[in-house]
2 protein chains.
Amino acid sequence: VKAFLAERRTEIAAFLERELAAAEGPFSLISPWGADVAQRLRGFSTRGKMIRGGLVAMGAQLFGTEANADVVRAGAVMELIQSFLLIHDDIMDRDTSRRGEESVFSQYAGLARAEGIEDWYHLGEALGTCVGDVAMLYAFDILEGLEGDDAVRSRVRRLVSREITYVGLAQMSDLYFGETQRPVSEQEVIDLYRYKTGRYTFSLPLSVGAVLAGRGDTEVAVLSRLGEKLGIIFQIKDDELGLFGSETQTGKPQGSDIAENKKTLFRRRLFDRASGAEQQELSRLFGNRELSSDGVSRVLELLRRHGIPEEIDEVLVSWAERAREDVEELARTTDADVEMLRELLSYNLSRSS
Amino acid sequence: VKAFLAERRTEIAAFLERELAAAEGPFSLISPWGADVAQRLRGFSTRGKMIRGGLVAMGAQLFGTEANADVVRAGAVMELIQSFLLIHDDIMDRDTSRRGEESVFSQYAGLARAEGIEDWYHLGEALGTCVGDVAMLYAFDILEGLEGDDAVRSRVRRLVSREITYVGLAQMSDLYFGETQRPVSEQEVIDLYRYKTGRYTFSLPLSVGAVLAGRGDTEVAVLSRLGEKLGIIFQIKDDELGLFGSETQTGKPQGSDIAENKKTLFRRRLFDRASGAEQQELSRLFGNRELSSDGVSRVLELLRRHGIPEEIDEVLVSWAERAREDVEELARTTDADVEMLRELLSYNLSRSS
């Protein structure tokens with residue numbers, strides 16, 4: 001799986017390099033910022049891991065279609081959309097670094113500040129929002145360049161526009177859950193994982209790949225269901241790594257989800273099991289932006305004391321079983337070569353970074 | 001022209017009502033905010049004047065095609081995209097009212113504040129950004145529902161994705177020009193009017209209409225050039241009304257463009273003609289957020305003293321002549337019924353609100 005995704009990454013990156021280099025000319029006719037935007041988007045979008053782009057190729061490969069021009073193009077579209085989402089996310093979360101560099105809006109804020117503009121931070125946010133918008137809109141422009149059968153292209157576009165609309169809605173839940181004082185239920189947590197990570201990161205690209213391989217509603221329906229489960233597993237593992245993994249593994253400080261009061265499944269279960277006194281203590285630790293390493297250790301201690309890691313392992317096993325059922329259904333009802341999906345599931349369950 | 005646009009407005013509003021009412025169900029499955037977003041977008045997008053939607057119908061009508069289902073659909077797409085742009089604009093400009101009600105992000109900020117959320121203003125901005133994103137993405141989803149010829153639909157989608165990408169870039173110029181201390185040249189001002197207002201408000205919808213009427217590159221090229229000029233005229237009149245019109249006419253306080261230091265053609269010409277001492281005085285008046293009505297009067301006095309309104313009238317006459325040439329070219333080289341375009345030009349030149 002890793003080797004397959006890495007090969008596709010090279011092809012998609014080359015495509016994005018070409019497309020965004022070609023955009024510099026037209027963009028610069030429109031605005032003094034045009035060439036700058038094309039260059040920054042080119043650098044930013046080619047620095048990602050390109051999981052989503054690669055999964056488009058995997059969805060096609062399942063049904064015997066190699067990474068042809070349309071597959072690479074659709075993969076590149078996924079990555080440009082991912083860039084749009086991350087650029088807007090970083091503004092919303094006030095994250096000043098991303099993909100190993102300064103985040104896009106923060107780069108513009110820095111330029112404005114250097115020019116002596118009074119309202120530099122807000123101008124950075126505003127310019128960053130525009131760059132995100134441009135990334136998404138240009139993604140649709142690139143998507144229009146698909147060359148295959150009309151009906152296939154239409155189905156791909158419909159999948160993309162519909163599912164990314166839903167990502168916008170899921171992002172609203174995520175933002176709200178991060179700030180509200182009201183309890184967030186386990187169902188709400190799982191639904192967020194399902195729509196923000198599952199459908200977007202797994203269901204959509206795998207389905208797009210299958211459609212590009214000429215497949216219809218049956219295959220898309222199973223892949224969509226499977227993708228939701230893969231995403232839920234992926235996100236729970238992400239939360240686990242954020243709590244118990246090191247900064248080297250995850251790229252962010254250990255316990256940052258606690259400081260940010262992220263409404264994870266671990267948090268939900270811990271509050272459900274904790275005593276009244278512990279709940280009060282936890283309320284002071286979760287959402288504390290100046291959380292010390294002692295504070296992080298205390299949360300981990302309480303998680304272990306209440307057996308939450310073991311509970312979550314059971315949850316993972318249960319979702320993995322359901323994901324396996326989807327994989328076997330696909331093997332039984334279609335001619336899909338599902339070995340790669342089995343590997344993808346194992347990867348999601350075992351990854352350590 | 002006004003009657004034509006008003007009739008189309010009714011049809012487009014009905015279409016948007018239906019589409020966004022139908023979206024409530026699916027949206028609410030994704031997020032607890034889903035139904036709320038569909039309702040707010042429905043209210044917001046049906047409250048506009050719908051000039052752009054109506055101009056799609058005019059572009060089709062020029063070539064004898066009535067407002068059929070595809071024309072209304074494409075008009076509704078323009079209006080939903082306009083909603084996306086306004087929702088993001090209001091965040092960028094910190095405008096708390098729009099279309100006679102509280103602006104969308106400000107509504108969400110109010111909800112967050114009422115719930116006692118500490119970071120309520122920022123959460124309002126973030127949720128508003130998402131709602132804008134959803135409006136744009138769902139606009140592409142609706143656009144996918146066009147039913148005509150494949151090649152026609154593809155050309156329409158391409159026009160939309162390309163031109164709205166360019167609006168994002170032009171918006172960056174607008175934001176930057178509003179904040180920078182460096183002089184903004186007359187060419188930069190006109191280019192901004194060309195791309196932000198002209199191509200978006202006039203060239204794009206007229207071209208989409210012409211393409212839906214089965215017309216090709218020749219017609220689109222002339223309409224695009226004409227649209228740029230109509231937009232430049234429209235925007236200069238807008239600036240004029242903002243300076244010399246009343247709040248009843250424009251819906252915003254007289255002189256607010258001065259307080260916001262908007263880089264208009266009036267401002268550019270005034271600085272070009274003013275003496276050194278006057279320039280210093282003007283620098284204190286433009287961009288003064290607490291500008292008094294005496295301050296506004298002083299700017300108007302200097303504008304009149306230097307004959308700027310007369311200069312600008314000449315500029316308008318010159319653009320109108322060039323627009324007329326495009327209209328006559330269209331009449332000469334195609335079978336377009338250009339009477340409505342002549343009326344549209346007169347309307348842009350003479351409007352008082």
Averaged per residue, the 1.4 Å probe accessible area of segment B:98-228, protein heavy atoms only, in Å², is roughly 31 Å²
Where a ≥ b ≥ c are root eigenvalues of the Cα gyration tensor, a/c under 1.5 meaning rounded, otherwise prolate if a/b exceeds b/c and oblate otherwise, chain A counts as oblate
Residues from segment A:148-177 losing no less than 50 square angstrom of accessible surface in the full protein assembly compared with the chain alone, 1.4 angstrom probe, ligands and nucleic acids excluded, are A:R157, A:R158, A:T165, A:Y166, A:L169, A:M172, A:Y176
Candidate cut points under GluC sites (Glu not before Pro) in segment A:290-353, DSSP loop plus at most 11 other Cβ atoms within 10 Å of their own Cβ, are A:E290
Label model pair A:D95, A:Q39: point-to-point distance (7 angstrom along the Cα→beta-carbon line) in nm is 2.5 nm
Ranking A:D257, A:D294 from most to least accessible area with a 1.4 Å probe gives A:D294, A:D257
Calculated from DSSP helices alone, with each H run of at least 4 adding -39500 (n - 2.57) and the total divided by the residues of chain B, [θ]222 nm to the nearest 500 comes to -24500 deg cm²/dmol
So, relative contact order of chain B in percent, Cα under 8 Å, 6 or more apart, is 16 percent
Inter-chain shielding metric for A:25-35, i.e. average beta-carbon neighbours from other chains within 10 angstrom, reads 6
Computed from the beta carbon distance with a Förster radius of 22 Å, FRET efficiency for B:E290 and A:A114 to the nearest 0.05 stands at 0.20
Here segment A:120-128 yields Karplus 3J(HN,Hα) values (6.51, -1.76, 1.60; θ = phi - 60°; whole Hz; Gly and Pro given as x) of 4, 5, 5, 4, x, 4, 5, 5, x
The relative contact order of segment B:231-304, taking Cα pairs under 8 Å that sit 6 or more residues apart, comes to a percentage of 30 percent
Carbon plus sulfur, as percent of the 1.4 Å-probe accessible area of chain A, comes to 46 percent
Between chains A and B, the summed loss of accessible surface on complex formation, probed at 1.4 Å and reported to the nearest 100 square angstrom, is 5500 Å²
Residue by residue through segment B:97-108, the couplings from Karplus 6.51 cos²θ - 1.76 cosθ + 1.60 with θ = phi - 60°, in Hz, x for Gly and Pro, are 9, 6, 6, x, 9, 5, 5, 4, 4, 5, 4, 5
Counting only protein heavy atoms and leaving out ligands, DNA and RNA, the solvent-accessible surface of A:D272 at a 1.4 Å probe, in Å² to the nearest 10, equals 80 Å²
Calc'd 3J(HN,Hα), segment B:20-25, phi into Karplus 6.51 cos²θ - 1.76 cosθ + 1.60 (θ = phi - 60°), Hz, glycine/Pro = x, comes to 7, 5, 5, 6, 4, x
With label points set 7 Å from each Cα along the Cα-to-Cβ direction at B:F271 and A:E328, the distance between them in nm comes to 7.3 nm
Inter-copy distances for A:D294, nm, shortest first, label points 7 Å along Cα→Cβ, are 6.1
Yeah, segment A:1-147 with a ≥ b ≥ c from its alpha-carbon gyration tensor (a/c under 1.5 is rounded, else prolate when a/b outruns b/c, oblate otherwise) is prolate
Probe 1.4 Å, heavy atoms of protein chains only: per residue, the accessible area of segment A:266-337 in Å² is 56 Å²
Of the listed pairs A:K49/A:K263; B:K2/B:K229; A:K49/B:K263; A:K196/B:K262; A:K252/B:K262, those with alpha carbons more than 30 Å apart are A:K49/B:K263; A:K196/B:K262; A:K252/B:K262
Scoring segment B:97-196 by relative contact order with C-alpha pairs under 8 Å, at least six apart, yields a percentage of 16 percent
In a Gaussian network model of chain B with springs linking alpha carbons closer than 10 Å, the residue among B:I87, B:I30, B:I232 that fluctuates most is B:I30
The distance between the Cα centres of segment A:170-233 and segment B:92-113, in whole Å, is 30 Å
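The values are calculated or read from the model by the stated rules, or taken from the named source; none is laboratory data. Small disclaimer: the values here were computed from a predicted structure and weren't measured. All Cβ positions, glycine included, derive from the backbone under ideal geometry; neighbour counts span all protein chains shown. To get the accessible areas, we keep the full protein, side chains included, count just its heavy atoms, and leave off ligands, DNA and RNA. Shrake-Rupley method; radii C 1.70, N 1.55, O 1.52, S 1.80 Å.
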